[in-house]
Amino acid sequence: MVEFKINGRKVQGEKGETILDVAKREGYDIPTLCYHEKLGSDGRCRLCIVEVQRGNRRRFVTSCLFPIENNIDVYIDSKDVILIRKTILELLLARCPGSEIIQHLAAEYDVTETRYTKDIDKGKCILCGQCIRTCESIVGVSALCMSGKGPAKKVTTPFDEPSDVCIGCGACAVVCPTGHIYIEDRGGYRTIWRKKFELARCPQCNRLHAPIEQLEFISKKTGVNIDELMICQNCK
Amino acid sequence: MNMSLEQLDSITARYTNRMSYYTKIVRICCGTGCVSSGSLQVYEGLKKILEEKGLTETVLVKQTGCHGLCERGPIVVLGNDEILYQSVGKRNIEDDISALIDTISDNKIIERMLYQGEDKTKRYISPKDIPFYAGQDRIVLSLNGIIDAEDIEEYISLGGYRGLYKALLMEPAEIIDWIDKSGLRGRGGGGFPTGTKWRSCRNAPGEVKYVVANGDEGDPGAFMDRSLMEGNPHGVIEGMIIGGYAIGSNQGFIYVRDEYPLAVNRLIKAIESAREYGLLGKNIFDSGFDFDIKIFRGGGAFVCGESTALMSSIEGKSGEPRAKYIHTVEKGIWEKPTNLNNVETWACVPHIINKGWEWFASIGTPHSKGTKVFSLVGKVKNTGLIEVPMGITLREIIYDLGGGIQGNRRFKAVQTGGPSGGCIPEAYLEMPVDFDSLTRLGSMMGSGGMIVMDERNCMVDVAKYFLKFLVEESCGKCTPCREGVRRMYEIVDRICNGEGQRGDIHHLEELAHAISLGSLCGLGQSAPNPVLSTIKYFRDEYTIHIEEKRCPAGVCKALIRFIILPDKCTGCMRCSAECPAHCIKGDKKEVHVIDETLCIKCGNCYDVCRFDAVMIE
């Protein structure tokens, strides 16, 4: 058992838990963007930063990653923490002016306008990396990556080409916190990441339900016959 | 080969014997700086003539690592520091080589190739007398410029690998204790106590541990690590083996940037010969200790000099830093305890073991021991590589060793610590240089870059330069650094373009504060330093740019114009000949005029005018 304080109040957690784990359980509201309950975090967006004091040492850590320690004092909304969050949100407003979730979060911190020139080429992507983590650790194909560095960094498929390994499952689009990833189902085809997938038609209800490549992938992984997988979830 | 103390002695005896046949030894600097000014041609040319004259039996010509005085390269040193010739082959290579032959065969000293002091009255014969060298204390660089970096026997004969032999007879804990007491701190930037780091790694649970040398030097204007790896790679390797033994690691990695091809090649050769001589591999010096080193070439991302990004890169992942809430000495490469030090830190280790911690601790200041290698560049007369004791003042470095400011202009600031460092103004020239004093001034030691600036450097422009570098080199992982630094750049760029607004300085300070607190890694956290330190010490310059739309240093092109003063212009036509835009009109002995509509504000006319007739307004 680890005991420490959040905003002056004593709280407890298990060794190995993060500040965010405990804070959420205790009802504290720490904003997050790149954190996902099942996928964890890489500490990219920095929005969940909190101030940690131990003795005379004061530091700013991402609560989604920092393992709790005995006798630390955590302040989740100190003056500097608020400045960091406001700054991040104003910067993200300029990067992704079309993102509703960022507008919403920013408004909660009284940031309604950005002083910076708005980007027109970044879409709604905040480079949180959840799509990449999902593709790699949940789907198991690693079709996505980050390329470039600095402001030019982006999420893409290797060499910006249609990926050999992408199965068109769309898990990346589901997990994306800002709705940046474009997925289109039209005329019996799904288009995602510049690749076109033929959708499977359920032999029973005639509904288009999943890319054939995805069903083949599942069949290969699980050993379930592809004909069985062609039947949609509703008809099973 | 199974190495032993007797082997070291017999190699040394063989070498001493070999050297005794030579009546003259000529050391030609073949560090990157001198190579680019033609030292390899001097080497080849001299060898050829010596062969023709049948002198190769008695005269040894050697390629060595960097001698340091890059400004005057190619550097050639004869005998045991008897004569230093500068800029050899630069004017006329045949003449200079035959002059070298005259010195070699007739001991004739060639005046014109000697180093000349600033006052142009005195020429120096021995490098020992040249202030640039006399003010130095060379420990890490002691063999740079002396030995052939590719000859392990020469390194051994001049005391190499004896520190390792001694260390392997000591207990690991005792070695760490020595490193602790020596006061050695990390030379790569942070200045973390090396002994503490080693002990944490040794005590970290786990069978497999790694030691890493960080040779991913990427600061603009810095070449300390490069010169060290090129000039004396065995010094780094010996330090790493000792560290591996002390920490309990059998595998080392050297991470070196691929843009340093000579360093990479010399390290590869050095590792191969160390293996061949039984100094790497199994059962080194019959101690039962095994150790080997693998080289990783970095792709040139600045961020890969950051320890966790470097480790990601070694793992084959993209070079992005990670949070260090669990230290790399506990979970580093492949989650194994990993001890990373800069190459210069490793190179200090054999000297500490050889000469004792007391000796090392006797050099420097109370909290920064030993020496530090700096690359001294910018507007200083003697640019080059220096190694000085900690605690030396900035004035001594810039004026005594560096020879002062080019063109005897006024000193304005010195930028230390690379892009993460800051600019220190004239008021602090007397300050002794060490880790803590530089940090107190809002700069840092960094890995040892030192860029000297004069009155013709605009500090807002300097901040802009470093910001541009940092925008390009941000890895882009975390929001404050990726998005914030480029916005800082936009603001500073606006100020330089005469579009600064009231409130910009405050905005920069606030943004800088958020970036330094909120960024993931040390690079992001320190990225605002160039702006913060220039605002701190040169706030007026920012204000003048913003309020008066003027650049006092005459640098920011949008804010300046060049004019020719009619009463001073003699019509010599020099400026018009040098003008790349062909926008200066005027006949011989007539007053010249700049067509401002065509002027690209390059400043050539200002630089070449001998009558101070060109003015920046």
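The values are calculated or read from the model by the stated rules, or taken from the named source; none is laboratory data. What you see is a predicted model, and the numbers here were worked out from it, not measured in a lab. Don't worry about glycine lacking a Cβ; one is built from the backbone with ideal geometry, like all the others, and counts go over all protein chains shown.
Just a few scattered comments:
- When A:ILE84, A:ILE30, A:ILE88 are checked against the criterion of being part of a loop (DSSP other than H, G, I, E, B), closer than 30 Å to B:HIS507 by Cα and at pLDDT 95 or above, a single residue qualifies: A:ILE30.
- Selection status of B:PHE374, under 27 Å from B:GLY31 (Cα atoms) and among the aromatic types (Phe, Trp, Tyr): yes
- Flag for B:CYS34 being at negative phi and out of contact with any Gly (no Cβ under 7 Å at 6 or more places or on another chain): no
- Residue count for the stretch B:574-602, restricted to those that are in a loop (DSSP other than H, G, I, E, B), closer than 26 Å to B:ALA553 by Cβ and hydrophobic (A, V, I, L, M, F, W, C): 7.
- Set B:LYS557, B:LYS585, B:LYS601: member being without any contact (Cβ under 8 Å) to a residue 60 or more places away in the chain, at positive phi and away from every other protein chain (no Cβ under 14 Å): B:LYS601
- Count - residues of the stretch B:449-482 that are part of a strand (DSSP E or B) and buried (at least 20 other Cβ atoms within 10 Å of the Cβ): 5
- So B:ALA274, is it crowded, with 24+ Cβ neighbours inside 10 Å, touching a strand residue (DSSP E or B) at 6+ places or on another chain (Cβ under 7 Å) and hydrophobic (A, V, I, L, M, F, W, C): no
- Unmet requirement for B:VAL485, which otherwise passes all of (1) buried (at least 23 other Cβ atoms within 10 Å of the Cβ); (2) free of Cβ contacts under 8 Å to residues at least 12 places away in the same chain: (2)
- Among the residues making up the stretch B:233-275, a single one is in a loop (DSSP other than H, G, I, E, B) and under 15 Å from B:ASN342 (Cβ atoms): B:TYR260.
- Residue pairs meeting the criteria (Cβ under 7 Å; at least 6 apart or on separate chains; first more than 14 Å from chain B (Cβ to nearest Cβ), in the stretch A:131-151; second part of a strand (DSSP E or B)): A:CYS131/A:VAL155
- Cβ pairs under 7 Å, 6+ apart, first in the stretch A:32-61 and away from chain B (no Cβ under 12 Å), second of a type in the set (Lys, Arg) and crowded, with 20+ Cβ neighbours inside 10 Å: A:LEU39/A:ARG133
- Some residue of the stretch A:97-114 being of a type in the set (D, E, K, R) and within 12 Å of another protein chain (Cβ to nearest Cβ): no
- Residue, farthest from the other protein chains (Cβ to nearest Cβ), within the stretch B:527-550, restricted to residues that are over 26 Å from the mean Cα position of the chain (by Cα) and outside any helix (DSSP H, G or I): B:ARG550
- Considering only residues in the stretch B:193-227 that are hydrophobic (A, V, I, L, M, F, W, C) and modelled with pLDDT of 95 or more, the one that is surrounded by the fewest Cβ atoms within 10 Å (Cβ to Cβ) turns out to be B:VAL208.
- Meets criteria (more than 32 Å from the chain's Cα centre (by Cα) and either surrounded by fewer than 22 Cβ atoms within 10 Å (Cβ to Cβ) or in contact (Cβ under 8 Å) with a residue 60 or more places away in the chain (or both)) for B:ILE616: yes
- Within the stretch A:74-90, residues that are more than 18 Å from A:ARG57 (Cβ to Cβ) have Cβ atoms under 6 Å from residues that are among the basic types (Lys, Arg) and crowded, with 18+ Cβ neighbours inside 10 Å in these pairs: A:ILE88/A:ARG46, counting only partners at least 6 apart in sequence or on another chain.
- Residue check for B:GLY524: within 9 Å of chain A (Cβ to nearest Cβ), closer than 24 Å to A:LEU33 by Cβ and buried (at least 23 other Cβ atoms within 10 Å of the Cβ): no
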